[in-house]
Amino acid sequence: MVGKVPGVWQRLCKTARMERLPHLTRNLEALAGRMTATLEWIKSQMVQPEAVAERIVNHAGRLDWRMENGATLFAAAAPPVFYKDWGAMEERDAKGLTVLVGVNLGYGLNEILKSAPPAHTVLVVEPRAEVLVACLGQTDYSPFIEAGRLIILPPDENAIYEALRRVDVHFVFGRIIFRGDMPSRQMGPEYDRLGRIIRNTLENMSVEFATLRKKQDTMVGNELSNFKRAFEDGSVARLQGAAAGVSAVILGAGPSLEMFAANMAQSPGHACYATALQTLPALQKYGLVPHFCMAIDYSRGMRKVFKRLDPEFAKGIPLLYSTKLDPEVLENYPGPAIPFWTRGGLGTYALADREPVFNAGTNVSVTLYRLLAWMGVGRILLAGMDFAWKGDHSHAGGHHNNVKGSVTLENADGETLHSTLSYTTALRDLIGDIRRLGLPTGCLYGGGAVIQGAQQLDFSKAVMEGFFASEPGSLEHFTNAVGAAHAPQQAPVFPSRSQQWNTRLRQMVKEFEKLAKKPERNAAQSFEGLKRLNAFLRSDPVFLPYLYNEFMDVAGLTLETRPFGPQELSKVRQIAKRVREKVRRMEEDMGFVAAEERNAPPSRRAGKRRAA
């Protein structure tokens with residue numbers, strides 16, 4: 001689709017018809033149709049095409065860009081030196097994604113597009129608007145833009161994050177390639193800064209999407225099993241802001257916990273102590289009783305905690321649990337339990353209007369930090385949060401887990417530490433949260449990884465800095481609020497739609513059965529049919545989280561190069577069968593009711609369920 005260039009761009013497009021920017025108008029029209037945010041960003045930078053054209057020079061028989069210092073980008077070496085290997089694609093790149101930071105005049109981008117398979121997407125971020133305009137003036141990218149194969153983004157972190165989430169299919173079925181343009185780095189530090197941000201985002205998303213692909217059915221399946229109980233257990237909603245004036249201490253299970261636990265048990269001060277469920281056995285031997293604990297891990301491995309957990313010690317400690325928690329772990333916990341909903345699960349859409357939905361991340365200590373900030377605490381002290389270790393012990397004594405490190409870090413003393421990708425990712429997330437939230441944060445430092453933004457303290461200094469002191473009455477108010485949060489609430493009522501879904505799925509499968517008889521002739525129709533099926537599976541926000549693997553499988557079929565035939569038809573039939581089974585389970589576990597029952601009085605509704 002070619003868009004109409006806004007009136008404010010008429011002068012730009014008119015003057016762009018100059019010799020050095022021959023393709024700018026066509027590319028701007030393509031952007032106007034699909035990437036208006038990018039077009040608006042270019043406009044906001046007050047780019048003057050005449051000035052851009054003047055900086056495009058002929059150097060050694062090729063076009064080059066003259067920088068502010070008068071030198072050109074490719075003065076040291078010709079473009080092939082930097083991009084000769086950029087066109088090399090592997091088989092798994094056919095369904096992959098390339099993210100490019102820095103475009104110069106398009107030399108690297110053109111090399112990528114020239115060899116990219118039809119289903120391969122290229123996402124581009126250029127932090128300098130004048131350089132992007134120069135690039136758009138050199139090559140006609142409109143066919144790639146209009147086909148969705150080339151996505152050009154403004155250098156905005158939120159825009160980049162959202163765009164990457166929209167191309168999640170490439171994370172699941174292909175390889176993600178990051179390219180940072182080396183010549184562009186001569187122009188300023190923004191290229192390196194943006195490159196680091198994007199690399200970290202890609203790394204986090206790769207872990208997230210891999211987890212979703214493998215474990216989403218388990219996580220949402222746990223939520224379904226816990227659904228009715230969750231509403232009986234209450235809600236954390238009333239805890240927002242309830243900890244105003246409170247100083248909080250997060251007790252991690254790193255080896256350094258053993259350096260400080262006895263001091264905290266002997267002189268706890270007047271702070272709120274919070275920890276992970278898995279850490280309770282390690283705290284018991286010190287007599288350090290937290291005000292609440294938390295569990296977010298969906299795996300069955302969490303059941304091992306009960307081999308070491310003393311029920312008598314835990315029965316008075318409230319458990320704040322993610323609804324994705326393994327149901328058996330929740331059933332066996334001896335104390336009061338209060339649920340919270342996390343992103344990617346049933347609460348994301350179905351409960352967003354009545355429950356807070358948290359970005360929990362993958363590390364319980366990071367989740368604790370985020371929730372305590374949301375609860376309104378005044379400051380947070382980190383204890384036993386090492387994220388790395390020396391020697392062979394990754395956790396404090398009493399913890400049920402011990403892992404082997406595959407990543408090396410240095411501590412504040414320059415000593416080598418062992419860690420893992422999951423811990424370094426969590427560390428990076430925590431550092432980002434400290435910077436983003438601006439909450440005064442200290443760290444009882446015991447030789448672990450350096451947590452940037454957290455003040456390194458010993459115990460006595462932490463006491464002097466007030467990390468163990470809360471405002472009068474604030475801690476009591478908060479603990480009372482936690483107790484009140486453990487109160488039953490009414491579960492939502494959802495209308496049944498399984499009959500409509502079953503009917504529509506049968507219709508769509510029949511359409512595919514006809515199309516598959518003549519794959520070559522019906523290739524275009526089959527492709528559009530797969531897009532309709534994908535949209536249908538994503539259409540109901542209540543069902544959406546549990547159908548993740550199914551709509552991703554359909555999206556994967558749209559990336560296939562061969563026409564839709566018997567093999568693809570078999571996959572569609574399997575997908576439709578799984579969808580019907582999942583819809584049926586969701587309606588049973590979440591208490592969906594038919595329209596006639598929904599309109600009946602509550603007593604009659606209950607009678608029908610008992611009769612069934």
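The values are calculated or read from the model by the stated rules, or taken from the named source; none is laboratory data. Note that the coordinates shown come from a computational prediction; the quantities given were computed from them, not determined experimentally. Backbone-built Cβ (ideal geometry, glycine too); neighbour counts: all protein chains shown. Calculation scope for accessible area: heavy atoms of the full protein, side chains included, ligands and nucleic acids excluded. Shrake-Rupley method; radii C 1.70, N 1.55, O 1.52, S 1.80 Å.
Total residues in segment 526-547 satisfying the condition of being under 25 Å from Ala116 (Cβ atoms) and either touching a residue at least 60 places away in the same chain (Cβ under 8 Å) or surrounded by fewer than 19 Cβ atoms within 10 Å (Cβ to Cβ) (or both): the figure is 3. Residues that are assigned to a loop (DSSP other than H, G, I, E, B) and surrounded by fewer than 17 Cβ atoms within 10 Å (Cβ to Cβ) within segment 211-244 comprise Gln240, Gly241, Ala244, listed in sequence order. Within the option set Ala487, Ala491, Ala481, being loosely packed, with under 13 Cβ neighbours inside 10 Å, in contact (Cβ under 8 Å) with a residue 40 or more places away in the chain and under 30 Å from Gly376 (Cβ atoms) holds for one residue only, Ala487. Has segment 587-608 got any residue that is open to solvent by 70 Å² or more (accessible area, probe 1.4 Å), within 22 Å of Gln490 (Cα to Cα) and modelled with pLDDT of 70 or more? Yes. Just one of the listed residues (Leu288, Leu325) is at pLDDT 95 or above, surrounded by 23 or more Cβ atoms within 10 Å (Cβ to Cβ) and within 25 Å of the chain's Cα centre (by Cα), and it is Leu325.
Residues of segment 328-358 that are within 20 Å of Tyr369 (Cα to Cα), open to solvent by less than 10 Å² (accessible area, probe 1.4 Å) and in contact with a Lys or Arg (Cβ under 7 Å, 6 or more places away or on another chain): Thr342 alone.
Consider Glu550 carefully, then state whether it is at pLDDT 50 or above, buried (at least 19 other Cβ atoms within 10 Å of the Cβ) and assigned to a helix (DSSP H, G or I). Here the answer is yes, as Glu550 does meet what is asked. Note on segment 526-554: among residues that are closer than 14 Å to Glu568 by Cβ and of a type in the set (Gly, Ala, Ser), the one that is farthest from the chain's Cα centre (by Cα) is Ser526. Restricting attention to segment 80-105, the residues that are open to solvent by less than 10 Å² (accessible area, probe 1.4 Å) and within 23 Å of Asp168 (Cα to Cα) total 8.
Residues checked against (1) in a strand (DSSP E or B); (2) open to solvent by less than 20 Å² (accessible area, probe 1.4 Å); (3) touching a helix residue (DSSP H, G or I) at 6+ places or on another chain (Cβ under 7 Å):
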{"residue": "Asn110", "(1), (2), (3)": "no, no, no"}
{"residue": "Ile160", "(1), (2), (3)": "no, yes, yes"}
{"residue": "Val172", "(1), (2), (3)": "no, no, yes"}
{"residue": "Ser184", "(1), (2), (3)": "no, yes, yes"}
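For residues in segment 507-525 being in contact (Cβ under 8 Å) with a residue 24 or more places away in the chain and not in a loop (DSSP other than H, G, I, E, B), which is most open to solvent (accessible area, probe 1.4 Å)? Residue satisfying both the conditions and the ranking: Glu513.
Yes or no, residue by residue, for (1) without any contact (Cβ under 8 Å) to a residue 40 or more places away in the chain; (2) under 20 Å from Leu346 (Cα atoms):
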{"residue": "Arg175", "(1), (2)": "no, no"}
{"residue": "Tyr191", "(1), (2)": "no, no"}
{"residue": "Ser206", "(1), (2)": "yes, no"}
{"residue": "Phe209", "(1), (2)": "no, yes"}
{"residue": "Asn222", "(1), (2)": "no, yes"}
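Residue pairs whose Cβ atoms lie under 6 Å apart, separated by 6 or more positions or on different chains, with the first residue in segment 117-135 and farther than 16 Å from Arg165 by Cα and open to solvent by 10 Å² or more (accessible area, probe 1.4 Å) and the second part of a helix (DSSP H, G or I) and among the acidic types (Asp, Glu), are Pro127/Glu190.
Only residues that are open to solvent by 20 Å² or more (accessible area, probe 1.4 Å), in contact (Cβ under 8 Å) with a residue 40 or more places away in the chain and touching a Gly at 6+ places or on another chain (Cβ under 8 Å) were counted in segment 457-469, giving 2.
Starting from residues that are acidic (Asp, Glu) and under 27 Å from the mean Cα position of the chain (by Cα), keep the ones in segment 92-128 and report whichever is nearest to Ala53 (Cα to Cα).
Restricting to residues being acidic (Asp, Glu) and under 27 Å from the mean Cα position of the chain (by Cα), the top hit is Glu126.
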